[in-house]
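The values are calculated or read from the model by the stated rules, or taken from the named source; none is laboratory data. Just so we're clear, the structure is a prediction, and the values are computed from it rather than from any experiment. Here the Cβ positions follow ideal geometry from the backbone for every residue, glycine too, while neighbour counts run over all protein chains shown.
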Amino acid sequence: MDLVQRRLHEKYGYLIRIGPNELSCADPKAKKDIYRLRNPLQKTDFYSVFKNPKIGAGENLFSLTNEKEHSKLKRAIGNVYKLENIDEKCVDRCSQLFLGRIGELADEGHNIELGRWLHMFAYDTIGEIFFGHMFGFMEHRFDHGSYIESVKLLMPILCIAAVSPVYLRPIIFGFSFMVPAIRRAFQALDNINCAAENIVKTQLETEQTNNNGLLQKLFSLEKKKAINMDHVKMEAWSALFAGADTTAIALCSIFYHLMRNPTAYEKLQVEIDSTYLSISPGDDISFSEARKLPYLKACILEATRLSPSIGLTLPRVVPLDGLSLCGRHIPSSYRVGINPAVIHYDETVFGRDASLFRPERWLEENAAEDMGRYLLNFGAGTRTCIGQNIANLEMYKLPLAVLRRFHICMKPNQAWKTRDVWFNQPEELYVKITRRSYPM
């Protein structure tokens, strides 16, 4: 979908019609109008597909379309996801296990499907941070509870339903149950539902005082009546269902673009090695230190710009007084949105070489501020991703640890395959990993 939309915008301009009353906008200047902070445009019913009535009566922050309700819930739980409340050691523990597992595979001479392992890392990390324990993906080398496979199978159906009229959705879901693989995926989704409820129930009953997971902080809010138990369950389910995939995709993007661009890879390798020389042997680089590494930051920004985790428009409802976009008046009740995978290629913002991986563009004077305002990796306006601190911890820390100890490569001229069904999922990213000698 992202490739198709880019081609259509190249041919027809900044505004194209993608439905009877829906527009895709590619004008960077329109971002501040569509995703504005004051009097924000309401989300469309596209997002209602992602709520889960089986968990409880409440909605999650992503599926809520009402701005007042969203603002109230975000104020109540927002502090839980602040950086100071997230234990960085959780990411360190998961990183160490990841390094151990890929080291074993490297010693055995196996090529590995990097995307799958990054998904397992991301799921175990969200388990460690949110629930206080890993699920066992990396330890046992398998898809625990079929979480990864179920999301992979369900996203196409959810995406088709989300872009369809509400009255067609029951028919779409009904017919999808006739496909055995999708029926199994819905059964796996029930497993995720049960897992979320069971974890909440167990931790509530046992009062795990030594558990510093974010779930415990949500329990504290529930006791203070800031939120109810349905909200707690919904956050637990959201963490399981959507807390890992987008981060895993971002990590795939970082490693993929580095492998495809050896000069950038080598330059980052030099920065990493020199940074490790400046700290005590055996220590790892902290997140606060990692964020100060200019070329690492540039590589992360550039990779996630070219390959954002979301590859569809983020639609909003045009207000009653209409909206002015690209010199045109858009009437009320229309839907309009920007696709991150389209705007991120805009040459007026990112330069005439916007389609190329060139981290150096982010090191130019004022570039991070001038270009960064047009990135949509974590959404925009009032609906920025509440879990972005968790994602950033993983994106900065894991590549550092991996590239310090291993060399990763793929076949020359090998392009990765992606499947854009809301999540822009990479497929078959097979790589060869070898241990490297590095300065102590």
What are the residues in segment 1-25 that are closer than 17 Å to Val318 by Cβ and part of a loop (DSSP other than H, G, I, E, B), if any? Tyr14, Pro20, Asn21
Could you list, in sequence order, all residues of segment 346-364 that are out of contact with any helix residue (DSSP H, G or I) (no Cβ under 9 Å at 6 or more places or on another chain) and either surrounded by 14 or more Cβ atoms within 10 Å (Cβ to Cβ) or in a helix (DSSP H, G or I) (or both)? Glu347
Within segment 329-347, track down each residue that is at pLDDT below 95 and not polar (S, T, N, Q). none
Kindly establish whether Thr44 is farther than 16 Å from Ile310 by Cβ and surrounded by 13 or more Cβ atoms within 10 Å (Cβ to Cβ). no
Single residue of segment 248-274 satisfying the filter (touching a residue at least 40 places away in the same chain (Cβ under 8 Å) and polar (S, T, N, Q)) that is surrounded by the fewest Cβ atoms within 10 Å (Cβ to Cβ): Gln269
Output the qualifying pairs, or none if there are none: Cβ atoms under 9 angstrom, residues six or more apart or on different chains, first residue in segment 413-434 and at positive phi, second residue assigned to a strand (DSSP E or B) and surrounded by fewer than 20 Cβ atoms within 10 Å (Cβ to Cβ). Glu428/Glu113; Glu428/Lys417
Here is a list of conditions, (1) under 24 Å from Leu15 (Cα atoms); (2) modelled with pLDDT of 95 or more; (3) crowded, with 19+ Cβ neighbours inside 10 Å; (4) touching a helix residue (DSSP H, G or I) at 6+ places or on another chain (Cβ under 8 Å), and Ala298 meets all of them except one; can you say which number that is? (1)
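Would you be able to tell me the number of residues in segment 297-345 that are of a type in the set (Val, Ile, Thr) and either closer than 19 Å to Ala368 by Cβ or in a loop (DSSP other than H, G, I, E, B) (or both)? Don't jump to the end; show me each part of the working.
Initially, segment 297-345 is screened for residues of a type in the set (Val, Ile, Thr), giving 300, 304, 310, 313, 317-318, 330, 336, 338, 342-343.
Going one step further and asking which of them are either closer than 19 Å to Ala368 by Cβ or in a loop (DSSP other than H, G, I, E, B) (or both), we end up with 300, 304, 313, 318, 338, 343.
Result for segment 297-345: 6.
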Which of the residues belonging to segment 216-252 are out of contact with any Phe, Trp or Tyr (no Cβ under 7 Å at 6 or more places or on another chain), among the hydrophobic types (A, V, I, L, M, F, W, C) and not in a helix (DSSP H, G or I)? Ala226, Ile227
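Between Arg352, Arg361, which is over 30 Å from Cys90 (Cα atoms), without any contact (Cβ under 8 Å) to a residue 12 or more places away in the chain and either of a type in the set (Lys, Arg) or in contact with a His (Cβ under 8 Å, 6 or more places away or on another chain) (or both)?
Details: Arg361 fails: without any contact (Cβ under 8 Å) to a residue 12 or more places away in the chain.
Answer to the selection: Arg352.
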Considering (1) over 21 Å from the mean Cα position of the chain (by Cα); (2) part of a loop (DSSP other than H, G, I, E, B); (3) under 29 Å from Gly100 (Cα atoms), say which one Met178 fails and leave the rest. (3)
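Give the residues of segment 26-50 that are in a loop (DSSP other than H, G, I, E, B) and in contact (Cβ under 8 Å) with a residue 40 or more places away in the chain, sorted by residue number. Lay out the reasoning, then the answer.
From segment 26-50, those in a loop (DSSP other than H, G, I, E, B) are 26-27, 35-42, 44; that's our starting set.
Within segment 26-50, Ala26, Asp27, Tyr35, Arg36, Leu37, Asn39, Pro40, Leu41, Gln42, Thr44 qualify.
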Looking only at residues that are under 28 Å from Ile129 (Cα atoms) and out of contact with any Asp or Glu (no Cβ under 8 Å at 6 or more places or on another chain) in segment 408-430, which one is modelled with the highest pLDDT? Ile408
Within segment 99-120, the count of residues that are touching an Asp or Glu at 6+ places or on another chain (Cβ under 8 Å), in contact (Cβ under 8 Å) with a residue 60 or more places away in the chain and assigned to a helix (DSSP H, G or I) comes to 2
Which condition breaks for Cys385 when tested against (1) buried (at least 17 other Cβ atoms within 10 Å of the Cβ); (2) closer than 19 Å to Tyr295 by Cβ? (2)
The lone condition Glu139 fails out of (1) more than 16 Å from Thr246 (Cα to Cα); (2) acidic (Asp, Glu); (3) crowded, with 18+ Cβ neighbours inside 10 Å is (3)
